[in-house]
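I have placed the structure first, in the form of structure tokens, so that the comments after it can refer back to it.
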Amino acid sequence: MVARSRWVCFLGVLLFLGAARFVHAKGWGDDVNPGAGPALIEAHRAALLALVKTPEAERAAVAQAFVAKQGADAIEAAKRFRNPELRVLFHAYLAAEDWKLKHRALHALETMGDATVLPTAWELLEHPVPRMREKAALVLLKLWDPAAAKTLGGGKPAEAIAERAGREGNFHVRMVLDALAKRIA
């Protein structure tokens, strides 16, 4: 028994050292495409700065034009900025057809703590892509505001979430919906 526990301990140490070498060699937290991030940011910095400097009354139209022109190429750069003036840009991205753009826009708005995205996230719970539904539920869970209960789910968000969870076929989405139901309660 002692020999077996030593062997298990030895294997555990080897596994730990192997993982530590991988983490160190990989550079935990590094960009997937090393060096691409700074170049991407610089490619879109001027347009994003122009959007930030645009008067607030005109910003929504400029953001829609930016999304139409720059689209998928720019969101990876834009979501690295946390300027509150860019919230309107991420709301414009939510109107895009590509679910991946919506997903990234939700992530950015969640990071910014923008609870005005809650009605849109609620609608996205019905999206056909499970990852999109999961992100929408996570945004609702993180940014939930009791005042939102008056406007979401016909004024009965707990019942609506319970019904939605009952229809959900994806395990991960269902688990987030269950957590959201507890948060609402």
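The values are calculated or read from the model by the stated rules, or taken from the named source; none is laboratory data. Keep in mind it's a predicted model, so treat the numbers as computed, not measured. Here the Cβ is made from the backbone with ideal geometry for all residues, glycine too, and neighbour counts use every protein chain on show. Just the protein is used for accessible areas: all its heavy atoms, side chains included, with ligands, DNA and RNA removed. Shrake-Rupley method; radii C 1.70, N 1.55, O 1.52, S 1.80 Å.
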Return the pairs, sorted by first residue and then second, in which the second residue is among the basic types (Lys, Arg), the first residue lies in segment 69-98 and is over 20 Å from residue 39 (Cα atoms), the beta carbons are less than 8 Å apart, and the residues are 6+ apart or on different chains. 85/59; 88/59; 90/79; 93/102; 93/104; 94/102; 96/102
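Go through the residues of segment 161-175 one by one and say whether even a single one is under 30 Å from residue 85 (Cα atoms), open to solvent by less than 20 Å² (accessible area, probe 1.4 Å) and touching a residue at least 24 places away in the same chain (Cβ under 8 Å).
Step one: list which residues in segment 161-175 are under 30 Å from residue 85 (Cα atoms), which gives none.
No, segment 161-175 has no match at all.
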Is it the case that segment 142-150 has a residue that's at pLDDT 95 or above and assigned to a helix (DSSP H, G or I)? yes
Looking at residue 48, is it open to solvent by less than 20 Å² (accessible area, probe 1.4 Å), in contact with a helix residue (DSSP H, G or I) (Cβ under 9 Å, 6 or more places away or on another chain), aliphatic (A, V, I, L, M) and within 25 Å of residue 171 (Cα to Cα)? no
Would you call residue 73 at pLDDT below 90, more than 27 Å from residue 95 (Cβ to Cβ), loosely packed, with under 13 Cβ neighbours inside 10 Å and among the acidic types (Asp, Glu)? no
Looking at 131, 45, which is the one that is modelled with pLDDT of 95 or more, over 21 Å from residue 148 (Cα atoms) and of a type in the set (D, E, K, R)? 131
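Residues that are over 23 Å from residue 125 (Cα atoms) and in a helix (DSSP H, G or I): does segment 85-98 have at least one?
Yes, segment 85-98 has at least one match.
How many residues are open to solvent by 40 Å² or more (accessible area, probe 1.4 Å) and among the aliphatic types (A, V, I, L, M) if we restrict to segment 89-111?
Counting residues in segment 89-111 that are open to solvent by 40 Å² or more (accessible area, probe 1.4 Å) and among the aliphatic types (A, V, I, L, M) gives 1.
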Among residues belonging to segment 125-160 that are open to solvent by less than 40 Å² (accessible area, probe 1.4 Å) and in contact with a Lys or Arg (Cβ under 7 Å, 6 or more places away or on another chain), point out the one that is nearest to residue 84 (Cα to Cα). 144
